[in-house]
């Protein structure tokens, strides 16, 4: 038997295509062909491509199990829905990484209802929306967000669970069922008489996130995430080696905590559904110190230009200012200006750190103007007084 296959010299993985039906009639022959290829390519790891696989019996599954025992994990990609059900029913989905074939969708004439650091959100029809990641985002990122959304819901956080991972051109997307819903920003614009009511709900949703404690096996840590992001900018040359090390010192100075951190909390990432606020973006969900979320919000709600505020939040700048005023006093449960000022100073340290780390998020989008503005700001407001910033965080 001749099985179609390709060898990736970079990843050192052999991809073998499975086609038609694998059952008791041809299982032994299929196994022999796979093992021959395995030896031919010096026992490299195998990936199975199931694009053309129509059916697999228990005899065929035993062949896959033998291959699974040869390597630390086994990936089977482009699995049809019918074949995927077989893997689930037999329990093979628990011992192998089974990746469904992605459904193709069109976004022609779809309304864009939100944009963010990871992509954009569009309404497909009255009942469903899709979050499309930037082109080139790996499907694993979408699958991780889907899994984290499930975990957050189990912990009591109101979040929509994406029911499908799809493909649209070069982009991967998550599809949500959001019946009779609208973004919080649109709701606030269209219902100004309820603005303050929903600004309070907005603050209480953040409080709910931060009052929910998690263990490190449920989510990854925010501090670790920013260690990785700071390292990502090291080879770009925007900062000296000493400056990169100083950014790490500041990140490490944030007190450890186990709160749920959203990472990109703003009204375009929240839907109003039956008077309830529901999160739809869980791409950056981690656990850590609440200042990580408050610092991120400072960037989008306070420090950027009025034009940029309106673009990110989806509200006129004056409404964003009003929203932030209500949010911070409700979140902190005080109107004491000294308490608010101290919290904003501490959160502001992370806001600057995040701006620096963002330079490595999509380096090709960095213009000279952006690079100069951010690096100058980071040097002036953070790197010039690293010890002072760390002392403030410890107060």
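The values are calculated or read from the model by the stated rules, or taken from the named source; none is laboratory data. These numbers come from a predicted model, not from an experiment. Every residue, glycine as well, gets a Cβ built from its backbone with ideal geometry; the counts of neighbours run over all protein chains shown.
Going through the range 133-170 one residue at a time, which ones are buried (at least 18 other Cβ atoms within 10 Å of the Cβ), modelled with pLDDT of 90 or more and part of a loop (DSSP other than H, G, I, E, B)?
Of everything in the range 133-170, just one residue is buried (at least 18 other Cβ atoms within 10 Å of the Cβ), modelled with pLDDT of 90 or more and part of a loop (DSSP other than H, G, I, E, B), namely 157.
Restricting to the range 331-369, what's the tally of residues that are touching a helix residue (DSSP H, G or I) at 6+ places or on another chain (Cβ under 8 Å) and in a helix (DSSP H, G or I)?
21
Would it be correct to say that residue 146 is under 20 Å from residue 301 (Cβ atoms) and under 21 Å from the mean Cα position of the chain (by Cα)? Show your work before the answer.
Details: under 20 Å from residue 301 (Cβ atoms): no; under 21 Å from the mean Cα position of the chain (by Cα): yes.
No; evaluated as a whole, the condition is false for this residue.
Output the number of the condition that residue 358 fails; it satisfies all remaining conditions of (1) within 26 Å of the chain's Cα centre (by Cα); (2) more than 15 Å from residue 263 (Cα to Cα).
Every condition holds for residue 358 apart from (2).
Are there helices (runs of 4 or more DSSP H) fully within the range 171-264 with at least 3 residues that are within 28 Å of residue 136 (Cβ to Cβ) and out of contact with any strand residue (DSSP E or B) (no Cβ under 9 Å at 6 or more places or on another chain)? List them. Give the steps one after another, and end with the answer.
Details: elements: 184-190, 195-211, 222-233, 241-253.
Counting at least 3 such residues, we get 222-233, 241-253.
Taking residue 360, is it at pLDDT below 95, assigned by TED's automatic domain parsing to the domain that holds residue 245 and buried (at least 20 other Cβ atoms within 10 Å of the Cβ)? Quick ask: steps written out before the conclusion?
Values: at pLDDT below 95: yes; assigned by TED's automatic domain parsing to the domain that holds residue 245: yes; buried (at least 20 other Cβ atoms within 10 Å of the Cβ): no.
Against the criterion (at pLDDT below 95, assigned by TED's automatic domain parsing to the domain that holds residue 245 and buried (at least 20 other Cβ atoms within 10 Å of the Cβ)), residue 360 does not qualify.
Looking for whichever is buried (at least 18 other Cβ atoms within 10 Å of the Cβ), more than 30 Å from residue 125 (Cβ to Cβ) and not assigned by TED's automatic domain parsing to the domain that holds residue 172 here; the options are 59, 27, 17. Which one fits?
Numbers: 59 fails: buried (at least 18 other Cβ atoms within 10 Å of the Cβ); 17 fails: buried (at least 18 other Cβ atoms within 10 Å of the Cβ).
Result: 27 is the single residue among 59, 27, 17 that is buried (at least 18 other Cβ atoms within 10 Å of the Cβ), more than 30 Å from residue 125 (Cβ to Cβ) and not assigned by TED's automatic domain parsing to the domain that holds residue 172.
Say whether the condition of being over 30 Å from residue 373 (Cα atoms) and in contact (Cβ under 8 Å) with a residue 40 or more places away in the chain is met by at least one residue in the range 234-252. Full working, then the answer.
Restricting attention to the range 234-252, the residues satisfying the condition of being over 30 Å from residue 373 (Cα atoms) are none.
No, the range 234-252 has no match at all.
What's the number of the only condition in (1) without any contact (Cβ under 8 Å) to a residue 60 or more places away in the chain; (2) buried (at least 23 other Cβ atoms within 10 Å of the Cβ) that residue 306 fails to meet?
Only one criterion in (1) without any contact (Cβ under 8 Å) to a residue 60 or more places away in the chain; (2) buried (at least 23 other Cβ atoms within 10 Å of the Cβ) is unmet by residue 306, namely (2).
Considering each residue of the range 383-392, count those that are within 17 Å of residue 294 (Cα to Cα) and surrounded by 17 or more Cβ atoms within 10 Å (Cβ to Cβ), and give that number.
Total satisfying the criteria: 1.
May I ask you to verify whether residue 285 is modelled with pLDDT under 95, surrounded by fewer than 17 Cβ atoms within 10 Å (Cβ to Cβ) and in the same structural domain as residue 227 (by TED's automatic domain parsing)? Quick ask: steps written out before the conclusion?
Working: modelled with pLDDT under 95: yes; surrounded by fewer than 17 Cβ atoms within 10 Å (Cβ to Cβ): no; in the same structural domain as residue 227 (by TED's automatic domain parsing): yes.
The answer is no for residue 285.
Is there a residue in the range 319-335 that is under 29 Å from residue 130 (Cα atoms), surrounded by fewer than 23 Cβ atoms within 10 Å (Cβ to Cβ) and modelled with pLDDT under 95?
no
Can you name the condition, by its number, that residue 120 falls short on among (1) at pLDDT below 85; (2) under 15 Å from residue 168 (Cα atoms); (3) surrounded by 14 or more Cβ atoms within 10 Å (Cβ to Cβ)?
Checking residue 120 against (1) at pLDDT below 85; (2) under 15 Å from residue 168 (Cα atoms); (3) surrounded by 14 or more Cβ atoms within 10 Å (Cβ to Cβ), the one that fails is (1).
Return only the number of the condition from (1) touching a strand residue (DSSP E or B) at 6+ places or on another chain (Cβ under 9 Å); (2) more than 30 Å from residue 129 (Cα to Cα) that residue 68 does not satisfy.
(1)
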